[in-house]
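The values are calculated or read from the model by the stated rules, or taken from the named source; none is laboratory data. Just so you know, these numbers come straight off a predicted model, no measurement behind them. We place every Cβ from the backbone using ideal geometry, glycine too, and count neighbours over all the protein chains shown.
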């Protein structure tokens, strides 16, 4: 991609001082989440940053590259986490690995909340979005298999469908993007502990009444 | 609002046969969810319906009226449900009422999935959206109070924050709008049972390991 400007790029060296790809990406993700990816133009981004469009193109090749970088930011750590949890190791049960991956996924989501928010809104409108959906499906499948393994080893109840349990469990984790605020009443550890306690141990203190 | 047309409205009587406010609303909500409310024009809606704009204005006064009708569709039944559950009655515990409201909210969400999807995406960009957010906050507050009551009566564990439990519980319910398909593998009753079983009774069959 060209820098889109008549000025020779060599004259601006690394763009305007204080701006780098990381800063531009962070602002882009915030803007995509606020206005919607499709409705956001590189002109909007330039305005938000107080930069010219050529200055932005000094750091990134396209709006789609920004989307791709953001989705990778969300997906790479989740993929590493789920890959590790899917790996059977001597001395760890599927149940322990599942409980760990649920707790850690809360931490990853909070640490990458803007990019995960963007990821969860992707609908497959372009090859980049389709690739991200493909990676999400892989994660969903691995997590459902882990739930099924934990049922098989006898650690989890077998009167509920494992694939549905997986959907609900990670639906609960994902719901954090809608309301969690890092400066709010609950720290990450409290959210992770409350969520895993509810899902695995249940809220009820006594035998529940008939549904 | 005017009908926006040179033709006298009397000549079209109740609009084009087969179209009424209900049909127009259903299509509008589907379009708002697909394209985003702000990005959808009444022209887009007319095109989708194969109607002229004046024919639509015969049935509804504005795009905002359609939004308002859709949000009321989502909120009215949830409000009735939560109001009933918040009402202390002889012979019912807060725990039973909470468990009931969780199960029923799954059913309401599935029955009104398009309008609840729209509701959950509202960000407060207009007085109509702000009013809907206000009603959502009222629901959240009542549900958090119900969780707190169930803890107080000793039915729910007291080592997790009730307001956070309420967020996670209904975050899990709300996550259904993202993936539930009425023609999919699970009927509403199975989803409602699985969700309440997980949340209240827990997935684990044995004492959990230390977190």
| request: Give the residue that is farthest from the other protein chains (Cβ to nearest Cβ), with candidates limited to residues of the stretch A:36-83 that are closer than 23 Å to residue B:125 by Cα and outside any helix (DSSP H, G or I). | output: A:41
| request: Answer yes if at least one residue in the stretch A:143-151 is modelled with pLDDT of 95 or more and under 30 Å from residue B:124 (Cα atoms), and no otherwise. | output: no
| task | Take residue A:42 and decide whether it is surrounded by fewer than 17 Cβ atoms within 10 Å (Cβ to Cβ) and at pLDDT 95 or above. | result | yes
| Selected residue [under 30 Å from residue B:37 (Cα atoms), within 13 Å of chain A (Cβ to nearest Cβ) and surrounded by fewer than 20 Cβ atoms within 10 Å (Cβ to Cβ)] from B:123, B:135 | B:123
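Being over 12 Å from residue A:198 (Cβ atoms), facing another protein chain (nearest Cβ under 8 Å) and surrounded by 16 or more Cβ atoms within 10 Å (Cβ to Cβ) is the filter here, so list the residues in the stretch B:171-196 that pass it. It would help to see each step written out before you state the result.
At the first step, the residues of the stretch B:171-196 found to be over 12 Å from residue A:198 (Cβ atoms) are B:173-194.
Pick out the ones that are also facing another protein chain (nearest Cβ under 8 Å) and you get B:174-176, B:178-179, B:185-186, B:190-191, B:193-194.
Residues satisfying the conditions are B:174, B:175, B:176, B:186, B:191, B:193, B:194.
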| note | Apart from one, (1) crowded, with 19+ Cβ neighbours inside 10 Å; (2) touching a residue at least 24 places away in the same chain (Cβ under 8 Å); (3) away from every other protein chain (no Cβ under 14 Å) all hold for residue A:145; the odd one out is (1)
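Suppose we filter the stretch B:1-32 for residues that are modelled with pLDDT under 95 and in a helix (DSSP H, G or I); how many remain?
At the first step, the residues of the stretch B:1-32 found to be modelled with pLDDT under 95 are B:1-23.
Then keep just the ones that are in a helix (DSSP H, G or I); that gives B:9-12, B:21-23.
Here the count works out to 7.
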| task | Check off (1) within 12 Å of another protein chain (Cβ to nearest Cβ); (2) part of a helix (DSSP H, G or I) for residue A:92 and give me the number that stays unchecked. | result | (2)
